[in-house]
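A quick write-up on the structure given underneath.
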Amino acid sequence: MAAAPSPADVAAPGSFTTVIGLEVHVQLQTATKLFCGCPTTFGAPPNTQVCPTCLGLPGSLPVMNRHAFDLAVRAALALECSIAPFTKWDRKNYFYPDLPKGYQISQFDLPFSSDGFLEVVDPKGAFSRRVGIIRVHLEEDAGKSMHDEAAGTADSRIDLNRAGTPLCEIVTQPDLRSPQEARAWLNELKLLLVYLGVSDCNMQEGSLRVDANVNLHIPRPDGSVAKTPIVEIKNMNSFRSVERALAYEAARQWEEWRATGRELGSAPKQTRGWDDPAGVTRGQRHKEESSDYRYFPEPDLVPVRVSADDLARARAAMGVPPAGLRHMLAERWGISAYDADVLVNQGRDLVAYFEELAGLVGEGKVASNWMQQDVLRTLNERGGTIDAFPVRPAALADIIGRIAAGDFDTSRGREIFAEVLASGRTVADVVASLGIAAVDDDALEALCRELVAANPKIVADVQGGKEQAAAGLIGQAKKKNPNVNPGKVRAKCLEIIRGL
Amino acid sequence: MPSDPLQLSAVEIVAAVRSGDLTATACTEAFLDRIARTNGTLNAFLCVDREGALARASDVDARRRAGRPLGPLAGLPVGVKDALCTADLPTTCASKMLAGYRPPYDAEVVARLRRADAVIVGKTNMDEFAMGGSNENSAFGPVANPWDTSRAPGGSSGGSAACVAADMAPVAIGSDTGGSIRQPAGLCGITGLKPTYGRVSRRGLVAFASSLDQIGPMARSAADCALTLEAIAGHDPGDSTSLTDAVPDYSRMLDKPLTGLRIGRVPEHFAAGLDPEVARGVEEAFAVFRELGATVHDVRLPHAHHGIPTYYLIAPCEASSNLARYDGAHYGHRAEPGGGHRAEPGKGHRAADGRDADATAAFESPLVEMYCRSRAEGFGPEVKRRIMLGTYALSAGYYDAYYAKALRVRRLIRQDYLDAFESVDLIGGPVSATAAFPLGEKTGDPLAMYLVDMYTVTANLAGVGGISFPCGFTAGGLPIGFQLQAPALAESLLLNATDRFQSLTDWHRRRPPLAV
Amino acid sequence: MSSASPSLSRQDVAKVALLSRLALSERELDHLTGELSKIVGFVSQLADVDTSAVEPLAHPLDSQNVFRDDVVTPSLTRESVLRSAPRHDGESFLVPAVLGETGAA
């Protein structure tokens, strides 16, 4: 083992690079399991969604779910992977009670796709990272084993409902450079997969799981780079946990390296579990023989050949991924990259809402402002989905149109928006019931003359060249009639004063 | 029509049941009585379903009386190898591991038999998990050969072969991974067909080696095998490896003349190791085929002699994985906690040599202990040997030298067949090197037992079909088997050639002098 | 007794037995070491076959692209699922505690 370096030998704390690679499992959004017709519905009572095949009963055989394969190909295409023309399945052999066959059907040496990437761009410009994808492959999930440690019983309970659920495994290159980047990249991956209908990526229900490999590259004064041993972190149940665990682990490795000087290659890869409440990673025990999975070709399945036609069809069915959509929105509606990012990150349905609204309004920027300031804020407060949002694009466009026509100002428009939201009534209805009938020109003129007559000081100021003094008239006008348009009041008052 | 159903062929039984000359009930009772009288001697059946079979038979009779349509195997008693799942009967694979196990579903072949109105009379004995060539690896005792009860019936479908030979059922279902239909058929003097890989659905067949396993019929004649195969063959969407090709009408093609048929003869088959009496019987069979208008040509299968080592790598590798599911967690045998005096492998060897360590405490967890002890108690020695051999050959550092190497030789073996079938239509030869051997003769020597499959494993490795039928008897009165092998999906030719052979010979009509 | 070519040590066999999850007594371990060495020696004769230009053949079939539609079929009843279980609590299979152990990745 290398001698522990004295603090003088090492670079200043924090001058290391954190090197991160991710391994993500997502559950594919199919109705049935990968190899049998059992449903994949989450939350069913234990062992009620199982059959001979997913129970691994003697004599049972797998038949591949076409939709699962198609979704996996869609994911790989969206991740810019090459799709192998020929792919096969392999058995990964190990004993565990949530794995009823004693092997997992997975892919070993010929995954159906490899060599892709997914870019994550921080909309505020903090970073931009293209993360290489080593491979994407299709495999079956295991069941669940549950142990009630508090009860102190000798048994674990096994529920095989999840066994055989289709999973896509996505393995990245170690291209990420900070916990924040890792979290942002995961958000982008999730967005992509949800957009394409590949997975619901619900981490609470286990449809997205992340393991992370992390180590530090520490430059030495002599120009060489010290690399700390790679640690695999497991048990992270949210993207926030991923970020926290990576940050903790980077700091831990830094301290460990400072204390021991231990470098990559001096010890086998360590697996550490994230303890979220405690906010620390803990070493997990390592079994020497557990890595001998004895992969061999699954003889119960036949290989798959993917033709150029198949790929063309898969591409056509894929739809526009989020990155493309951001560009498209910015270009088509003249909104900022930041605004496009905010809209796209809310999902496909919200983008559809926005596009309908912008089309009706005929102007992207105003529509985008309303989306960001009013629709999104309200959605966040109320919860729920955009589909169920009570103010439909036509109604919102109506409000925006009336503001543009000078019927009322924006703040009045917001009140109407709030009332439509709360009551579910039409805009016209709300406008009428609030008495927001547009103030007609005669009434406006009468009001303005009354104000001019009552405010000789303001009139004098305006006549003295201080037109901004007219603002005082507008405030009074609004008090007398909340429905007046401030711009019109201002124009009419100035006109009357000039005519005096 | 003879009054004794035991003397009727399957074809005759079905015709008689359909015509009303024989009731399914009377037929079934006759065979059940025969089973009751002989099974004590032969141990061919692990379980007999008297009640279920009679209920089934009476249903067939009722439907016939009502003028309702009957299936192609109406009233035909069938014995089913205990490797096929039956929802109403235990399915044990002759293993303590699955003693009393009742699957929640029927194998596809069993379902097809039922749909064809066959009467399943029981489950036949076999080598544990189909691993063996003598039926001595059954956890429930060996089967005796009906021709000489001191001898083995062959295996692994020994119970199926013996039950047909001893008139306990006119037809039985077997499975063949390396010869397990053909070799016992040969040693018991019956006709057994291993179809092309994928011709018959494997769904519900307890897997031994998935890329080699195939289910097939065992009966007294090619005609009876043809009738049965028509009922069980065909595409099953539940088996990804099941072929989609249409099933020919095998029975109608049986009597096609063999004029111009080219049969290959492999000179290497007659090298040292082949019993002279068997060699003579086989050569006489070639003569019969010549008489039938066929021509016999020498062909080479240059890699066939590598068949046994190739097979004994591939089959154990697949088996080690297929049998991993028997771990005591979800079904099957589970060792009682805390008992036993077995060392955990890898730990116990620290103890002094030759001493059986009580090293229960050395298991790394109660779960690992449960696994190791359940499997140690549930599996017999041959199954353990093959699991370990396969595990070893797939393990890190050995995969290329053993498993991958065997797969390469497998391709050479298959290519040999493709080349040979360029010049001949069928390949003939012995099915095993000797006639039935005495029980116990090879049980102490696994390698000697492995060699009994030397003429049969290559068909499984190549995925082609083969049929075995009696072509004579030894001076000691034991049947000699002849094997024909055919290109993929040429079952009709195998059955046609065998039927023509049986039209000119009566070896297949002989009955063992079984004293019961 | 055992063949000249690759013979297995007792330790090898013990390791394979653990991978295979088979408990062996000391006697069985001795016995299997001899038997497996002999069998491995026998199958090692394949090393003499020239396969340098030969691709592995894992399966006799040439078929490919066998799929089923994503359509739900009935699952088993829990009663029939647990009927054969050595131990269960009416809902789940029960196995000795899996505390701290992990399956695969």
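Structural descriptor for chain B: relative contact order 18 percent, calculated from alpha carbon pairs under 8 angstrom and at least 6 residues apart. In this structure the amide hydrogen of B:Ile480, modeled in the peptide plane, comes within under 5 Å of the amide hydrogens of B:Cys471, B:Gly472, B:Phe473, B:Thr474, none closer than 5 places in sequence on its chain. Modelled spin labels at A:Gln173 and C:Glu91, positioned 7 Å past Cα toward Cβ, are 4.8 nm from each other.
Add -39500 (n - 2.57) for each DSSP H run of 4 or more in chain B, then divide by its residues: what number comes out at 222 nm, to the nearest 500 deg cm²/dmol? Before the final figure, lay out each step's value.
Details: 15 runs with 182 residues, N = 516.
Here the helix-only value at 222 nm equals -11000 deg cm²/dmol.
Taking Lys and Arg as +1 and Asp and Glu as -1, the other residues whose beta-carbon sits under 13 Å from that of A:Gln107 total -2. For the stretch A:398-500, the pair-distance distribution built from all alpha carbon pairs, in bins 10 Å wide starting at 0, is 15, 43, 26, 13, 3 percent. The label-point distance for A:Lys457 and A:Asp276, in a model that sets each label 7 Å from Cα toward Cβ, rounds to 6.2 nm. Projecting the Cα atoms of B:Ala315, B:Gln502, A:Val344 onto the charge dipole of the protein assembly as shown (Cβ charges, centred on the Cα centre) puts A:Val344 farthest toward the positive pole. Computed on the stretch A:441-499, with alpha-carbon pairs under 8 angstrom and 6+ residues apart, the relative contact order is 42 percent. Basic side chains Lys and Arg get +1 at the Cβ, acidic Asp and Glu get -1 at the Cβ, and with that the dipole of the protein assembly as shown about its Cα centre reaches some 880 debye.
For an R0 of 51 angstrom, estimate the FRET efficiency from the Cβ-Cβ distance between A:Lys227 and C:Ser63 and round to the nearest 0.05. Could you put the intermediate results ahead of the total?
Numbers: r = 47 Å, r/R0 = 0.93.
My answer for the efficiency is 0.60.
Can you work out the FRET efficiency for the pair B:Asp445 and A:Asp387, with r the C-beta to C-beta distance and R0 = 60 Å, to the nearest 0.05?
Values: r = 73 Å, r/R0 = 1.22.
Efficiency computed from Cβ-Cβ geometry: 0.25.
When the convex hull of the C-alpha atoms of the stretch A:7-305 is computed, what volume per residue in Å³ does it have?
Values: hull volume 46.8 nm³, N = 299.
Expressed per residue, the convex hull around the Cα atoms of the stretch A:7-305 is 157 Å³.
Based on the alpha-carbon gyration tensor of the stretch B:381-516 and its eigenvalue square roots a ≥ b ≥ c, which shape applies: rounded if a/c is under 1.5, prolate if not and a/b is larger than b/c, or oblate? Taking the square roots of the gyration eigenvalues as a ≥ b ≥ c, the stretch B:381-516 is oblate. Karplus-based coupling profile of the stretch B:395-408, in residue order and whole Hz: 7, 3, x, 10, 3, 5, 6, 10, 5, 5, 4, 4, 5, 5, with θ = phi - 60° in 6.51 cos²θ - 1.76 cosθ + 1.60 and x standing for Gly or Pro. Phi angles across the stretch B:63-74 convert, under the Karplus curve 6.51 cos²θ - 1.76 cosθ + 1.60 with θ = phi - 60°, into 3J(HN,Hα) values of 5, 5, 4, 7, x, 7, x, 10, x, x, 10, 3 Hz, Gly and Pro given as x. Summarising the label geometry, the points placed 7 Å from Cα in the beta-carbon direction at B:Arg300 and A:Thr426 lie 9.3 nm from one another.
Mind putting a number on the dipole of the stretch A:223-363 about its Cα centre? Charges go on the C-beta only, +1 for Lys and Arg and -1 for Asp and Glu, and I need it in Debye to the nearest 20.
Working: 19 positive and 22 negative charges, 122 e Å.
In debye, rounded to 20, the stretch A:223-363 gives about 580.
Measuring r between the beta carbons of A:Leu494 and A:Gln373 and using R0 = 41 Å, the FRET efficiency lands at 0.85.
What the phi angles of the stretch C:52-65 give under the Karplus curve with 6.51, -1.76 and 1.60, with θ = phi - 60°, is a coupling list of 4, 10, 10, 7, x, 10, 7, 8, x, 7, 9, 6, 8, 6 Hz, glycine and proline written as x.
Taking other Cβ within 10 Å of each residue's Cβ, how do B:Met253, B:Met126, B:Met388 sort, fewest first? Kindly include the intermediate steps, with their values, before the conclusion.
Numbers: B:Met253 15, B:Met126 35, B:Met388 25.
Lowest to highest Cβ neighbour count: B:Met253, B:Met388, B:Met126.
Once backbone amide H atoms are built at 1.01 Å from N, A:Arg272 has A:Glu232, A:Ile233, A:Lys234, A:Gln284 as its partners under 5 Å, excluding neighbours fewer than 5 places away on the same chain.
Candidate cross-link partners of B:Lys194 among the lysines, defined by an alpha-carbon separation under 18 Å and a same-chain spacing of 8 or more, comprise B:Lys81. Count charges around B:Pro430 for me, please; just the other residues with Cβ under 13 Å from its Cβ, Lys/Arg as +1, Asp/Glu as -1. Result for the local shell: -3. Among the chymotrypsin sites (Phe, Trp or Tyr not before Pro) found in the stretch A:63-144, those both in a DSSP coil and sparsely packed, with 15 or fewer other Cβ atoms within 10 Å of their Cβ, are A:Phe127.
The Rg/Rh ratio for chain C is 1.14, where Rg is the radius of gyration of the alpha carbons and Rh is the Kirkwood radius.
Net charge in the neighbourhood of B:Gly178 (other residues with Cβ under 14 Å of its Cβ; Lys, Arg +1, Asp, Glu -1) is -2. Taking amide H atoms as placed 1.01 Å from N in the peptide plane, the amide H of B:Val464 lies under 5 Å from those of B:Tyr197, each 5 or more residues away in sequence or on another chain. Each of C:Ala17, C:Ser63, C:Thr77 was scored by the projection of its Cα onto the charge dipole of the stretch C:12-105, and the greatest displacement toward the positive side belongs to C:Thr77; charges sit on the C-beta of Lys, Arg, Asp and Glu. Beta-bridge orientation, the stretch A:7-305: approximately 95 percent antiparallel, per DSSP, counting only bridges with both partners inside. Computed log10 I(q)/I(0) for the protein assembly as shown at 0.06 Å⁻¹: -0.59, from the Debye equation with unit scatterers placed on every C-alpha and solvent omitted. Only Cα sites of the stretch A:3-122 enter the Debye sum here, all with the same form factor; the resulting log10 I(q)/I(0) across q = 0.15, 0.19 1/Å is -0.86, -1.21, listed in q order.
Roughly speaking, what % of Cα-Cα pairs in the stretch A:441-499 are separated by over 13 Å, rounded to a whole number? Each step should come with its number before you reach the end.
On the way: 879 of 1711 pairs.
Within the stretch A:441-499, distances greater than 13 Å cover 51 percent of Cα pairs.
About its Cα centre, the dipole of chain A is roughly 580 debye, where the only charges are +1 on Lys and Arg Cβ and -1 on Asp and Glu Cβ.
Using packing as a proxy for protection, rank A:19-29, A:178-188, A:442-452 so that the peptide with the highest average count of other Cβ atoms within 10 Å comes first.
Working: A:19-29: 22.5, A:178-188: 20.9, A:442-452: 16.5.
With the highest mean Cβ count within 10 Å placed first, the list reads A:19-29, A:178-188, A:442-452.
With 10 Å bins beginning at zero, the pair-distance distribution over Cα atoms of chain B amounts to 4, 20, 31, 26, 13, 5, 1, 0 %. Of the residues A:Ala367, A:Cys54, B:Val452, the one whose Cα sits farthest toward the positive end of the charge dipole of the protein assembly as shown, with +1 on the Cβ of Lys and Arg and -1 on the Cβ of Asp and Glu, is A:Ala367.
Rule-of-thumb check for the stretch B:5-253: C-alpha Rg over 2.2 N^0.38 Å? Kindly include the intermediate steps, with their values, before the conclusion.
Numbers: Rg = 16.2 Å, N = 249, 2.2 N^0.38 = 17.9 Å.
In units of the globular-protein estimate, the stretch B:5-253 measures up at 0.90.
Return an integer: the convex hull volume of the alpha-carbon atoms of chain A, in Å³ per residue.
Numbers: hull volume 119.7 nm³, N = 500.
So the per-residue hull volume is 239 Å³.
The numbers here are math on the coordinates, done by the rules we state, and not lab data. Because the structure is a prediction, the values reported are computed rather than measured. Every residue, glycine as well, gets a Cβ built from its backbone with ideal geometry; the counts of neighbours run over all protein chains shown.
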